[in-house]
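This report refers to the structure that appears directly beneath it.
Derivation of every value follows stated rules applied to the coordinates shown; laboratory data play no part. This one's a predicted model, so the numbers in the text were calculated from it and none came from an experiment. Note: ideal-geometry Cβ built from the backbone for every residue, glycine included; neighbour counts use all protein chains shown.
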Amino acid sequence: MNSLDLVPVPREVLRRAGTFALKHSTRIAADGPAADTALLLQELLRPGTGIPLPVVPAAARAEGDIVLILTPDDAGEPEAYTLDITPERVEIRAPSTAGLGWGVQTLRQLLPAESFRSTPVAPPPLTLACVRVEDAPRFPWRGLMLDVARHFMPKDFVLRLIDLAALHRLNVFHLHLTDDQGWRLEVPSWPGLTSAGAWRRETPLGPVDAPTGHDGTPHGGFYTLAELREMAAYAARRHITLVPEFGFPGHTQAALGAYPELGQAGPVEVRTRWGHSPHVLAPNPEALRFISDVLDVVVDTFPSPYVHIGGDECRRDEWRTSGYAKARAAELGLASVDALQSWFLRYGIDRLSAAGRRAVGWDQVLEDGGVPESTVVMAWRDFAADTASEALAAGHDVIQCPTRTTYLDHAQSELTSEPPSFYGVATFDDVAAYDPDPGPDSAPDSGPNPASDSDGGAVERRGRILGTQGHLWTEYMRNPRDVEYMAFPRLAAIAEAAWSGRDRRLSSPLAGRMGGYLERLDAIGINYRPWDGPHPWQRSR
Ligand code: ACM
């Protein structure tokens, strides 16, 4: 069956009479850069359809072809596309190869779900409903974050998740590479980061608030620079920017486990409890050399214009009790040791700026002296304050990351059969109701509302909301199957919040398009959460 259950919902979908037949003889006509997108389309469709889809020059186009055309951008929407399907041809037009790429992803969704299988199960032709789709994203930053520090995920799974992000027309894949519980990034000049920092002795069991011991099993792994370059290139081919995160000065215990001289706690091991460590970088020359060496490797490995430097949850305990840190803060002219946080971050940001990259940080980068206005702020602490408004007023561009709706490590229901999760509940409906920029006339409980204060008054916004993203923190996701259970189907709602306009979402509720969506997930073989609750083998353990 053909599906019009498109996710995220496009701006405009016009149904027409008739169908287009995708046959063994169907070709793709495209020139220049559009031919690269044609090769991506060919690569995506071949396994499940068995159709070879040769790429031919645009001048050779004929009836029955799929045609990809780059057009000028009249509306200032670089990622826009139109997809026109008639009985005679399929035509995708866009001002950029990214726009063509999003048209390709929509075209995939219009094919029968069987085309997502690993090998053809039905002989061609495959029929496509005739439609005209006119589409463009609401936000330029539409992301998915994967934490590979708490649980290491195999490279092949990272690639699979990038491919799935592209299917949802997401364009940022944020890889959380370093944390207290593991270091996953090869840094040739600091080999201990991966020989020691990538491995923890054991993993805690039970809920974070009521731990019930440890599993006694070592856990770890890391990615070589060749693997990281492969991931970035795989993402780029799908018009996704792989944004790497190396966080400091807190969340660094795995690095301290390898190089205690970077801190002041003496020897520590890679952290074997969840939560954030009291052990942080010391304000010494070794720590600065560590930051600059790691950032140099990051810049050299990832072409992303953005580099995430963390900056969250840096506990000040060690600085406050350390004579060295106090003397150093005084020598630097800082008001207190607390301002060492901003001093560390500014050091890293300067290094990134010199390399032509823009820093991104979690919203605590606003504290104790803050960071340059050019730093993009991920506003996540919706439970603590309206950090998005604060950042926007201070002139920062903001990515909306409210924990209540974008933290996909929260349980998907109140059922006791749900597998282990972190803190609250974020149901599919909660995420589907989330609007990253709700504006003055939406429900007060639908999410953070940086456009107005509690009385509905305007708050000055000097920065812009760039978009939003979903977050897969993996304390309780031990492997790819666990990640898939928590990500799907909620990722559909994240993608829709990031891509689709508010009116369009209201006029075509996402829940009504889940039929075709879940058929596609079934054909791919994704371990998603069923609508009514977990399967027996997905339940709490
Ligand atoms: C965070 O959840 N610590 C960004």
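Some points to look at:
- Taking all Cα-Cα distances within the range 1-53, those exceeding 19 Å account for 49%.
- Near the amide H of Ala80, within less than 5 Å, lie no amide hydrogens of residues on another chain or at least 5 residues away, with H placed in the peptide plane.
- As a length-normalised measure over Cα pairs under 8 Å and 6 or more apart, the relative contact order of the range 111-244 settles at 24 percent.
- Were the residues from Glu373 through Ala265 laid out at 0.36 nm apart, the gain over their Cα-Cα distance would be 35.6 nm.
- Long-range HN-HN contacts of His151 with modeled amide H, under 5 Å: Thr474
- Summing Cβ point charges (Lys, Arg +1; Asp, Glu -1) relative to the Cα centre of the range 1-157 gives a dipole of roughly 420 debye.
- Fewest-first ranking of Met378, Met514, Met231, Met153, using other Cβ atoms within 10 Å as the exposure measure: Met514, Met231, Met153, Met378
- Helical content alone sets the calculated 222 nm signal of the chain at -9000 deg cm²/dmol, taking -39,500 (n - 2.57) per DSSP H segment of four or more residues and averaging over every residue.
- Placing unit charges on the Cβ atoms of the charged side chains and taking the dipole of the chain about its Cα centre, the candidate lying farthest along the positive direction among Leu45, His410, Ala287 is Leu45.
- Percentage of interatomic Cα-Cα distances in the range 1-154 larger than 23 Å: 38
- In terms of packing, defined here as the mean over residues of other Cβ atoms within 10 angstrom, the peptides 505-512, 24-31, 524-531 line up highest first as 24-31, 524-531, 505-512.
- Column: log10 I(q)/I(0), Debye, Cα scatterers of the range 24-90, q = 0.12, 0.14, 0.20 Å⁻¹: -0.32, -0.43, -0.84
- The calculated P(r) of the range 463-541, using every Cα pair and 5 Å bins from 0, goes 3, 12, 21, 22, 18, 12, 7, 3, 1, 0 in percent.
- P(r) weight above 42 Å for the chain, C-alpha pairs, percent: 21
- Selection among Gln109, Ala75, Pro123 by position relative to the dipole of the range 1-149 gives Pro123 as farthest towards the positive end (Cβ unit charges, Cα centre).
- Helix 490-499 axis, angle to the chain major axis (alpha carbon atoms, nearest 10°): 80
- Working note: Karplus 6.51/-1.76/1.60 with θ = phi - 60° gives the range 195-207 the couplings 6, 10, x, 7, 10, 10, 5, 6, 10, x, 10, x, x Hz, where Gly and Pro are set to x.
- Cα centroid separation, the range 311-361 to the range 199-272 (Å): 21
- Here the gap between Val425 and Glu114, fully extended at 0.36 nm per residue and compared with their Cα-Cα distance, gives a gain of 108.6 nm.
- Here the range 338-382 was treated as a single set of alpha-carbon atoms; its pair distances binned every 10 Å from 0 give 30, 55, 15, 1 percent.
- Rg/Rg_ref, the range 85-206, where Rg_ref = 2.2 N^0.38 Å and atoms are Cα: 1.50
- Extension gain, Thr127 to Asp215, is 26.5 nm, computed as 0.36 nm per intervening residue step minus the present C-alpha separation.
- Residue order, fewest to most beta carbons within 10 Å, for Leu100, Leu161: Leu161, Leu100
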